[in-house]
Amino acid sequence: MEKLFAVVVTYNRADLLQNLLESFSRLGTRPDRIVVVDNASSDHTPDVIARATASGAVPIQYERLSANAGGSGGFSRGVELALAAGAEWLWLMDDDVEVLPGAVEALDKFTPDYLCMIGRRYDAAGKPFFWQHHFVESLGVFLPVSGDVFGTSEVFRTNVGNFEGMLIKASLARTIGLPDPRFFITWDDLIYGWLAAQQTPVVYVNAFVIKKVRAQRQVDLGVRHLNDSSDLSRRYVMRNRGHVAQYLRAYGKFNRLGFGAGTALTYLKEVARLVLVERSIRGAGALWNGWRESRAILADRNWQPMPPVPGPAPHKEG
């Protein structure tokens, strides 16, 4: 891969960021640059960046935002910076993961055929993390796909993204636009992958390239994992249903009745998360507040999707 830029968003997790940057330095084939967007952290993140920059292992471009723009705002700015700097491939990831040896080579073998892909990852315990989903447009929800999706092929075609290692060609990113900062957190990466899938095949590839470092409480339901959450996340899971609906509407794929059913399913999933993982129903109020906010977003007749970024368009795959 030529001009591979990693785009990392961080917020008050300096030690995790340091671990991620050190994992980049251990790679045999490294990104040409790491773009780090700092969501106005109040910890020692600048010191971590200074030490990593001084080491010279990988060139680092660092920007500290004046206010916390959330994960989606951070990735929006990071992709913008990477494209402006001449990136040809963008590798998007949160700060609480580390990259595994051979990751770049493992992904590179798929780049002749695909413009957007997500590699496999381990959880903090070193076990394979279940991540194989399909976005059901009629419901506006992503559902798990059961079974061994790599039983007959090294690629599984999906239509969602994940900012824990999503690799995307710069020309494709220009076509679909920057990650939408209006999401703040949650749904942003899923919809970014869905937008990519409207242009070209998006694939989940049979290569372990990422390990999650931050341990999370979770329940393994077999067909999916339920992780712990927060009231802020619960609010935005429901709030951002409004933006999801608007994207579906913009592409002529919004089904009001189906989407309403999908919203009910989303609410029930979050209640199940509260009961099974958090062992509490505290937080249900955040779901209700988020749903009320989603109604206002859905009613906004001036809403527009993110515009394309000027530049060359990708060759459209079949």
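The values are calculated or read from the model by the stated rules, or taken from the named source; none is laboratory data. Here the structure is a predicted model, which means the values were calculated and not measured. All Cβ positions, glycine included, derive from the backbone under ideal geometry; neighbour counts span all protein chains shown.
Tabulated data for the structure shown
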quantity	calculated
Enumeration of residues in the stretch 119-153 that are small (Gly, Ala, Ser) and within 19 Å of residue 196 (Cα to Cα)	119, 138, 140
Options 293, 278, 317; residue that is more than 18 Å from residue 254 (Cα to Cα), at pLDDT 95 or above and not assigned by TED's automatic domain parsing to the domain that holds residue 89	293
Any hit, the stretch 40-54, residues being among the hydroxyl-bearing types (Ser, Thr, Tyr), in contact with a Phe, Trp or Tyr (Cβ under 9 Å, 6 or more places away or on another chain) and surrounded by 24 or more Cβ atoms within 10 Å (Cβ to Cβ)	yes
Filtered residues of the stretch 60-79 (kept if surrounded by 14 or more Cβ atoms within 10 Å (Cβ to Cβ), closer than 21 Å to residue 30 by Cα and not hydroxyl-bearing (Ser, Thr, Tyr))	60, 61, 75, 78, 79
Subset of the stretch 194-211 (residues that are touching a Cys at 6+ places or on another chain (Cβ under 7 Å) and among the small types (Gly, Ala, Ser))	196
Search result, residues across the stretch 141-167 that are without any contact (Cβ under 8 Å) to a residue 12 or more places away in the chain and in a strand (DSSP E or B)	143
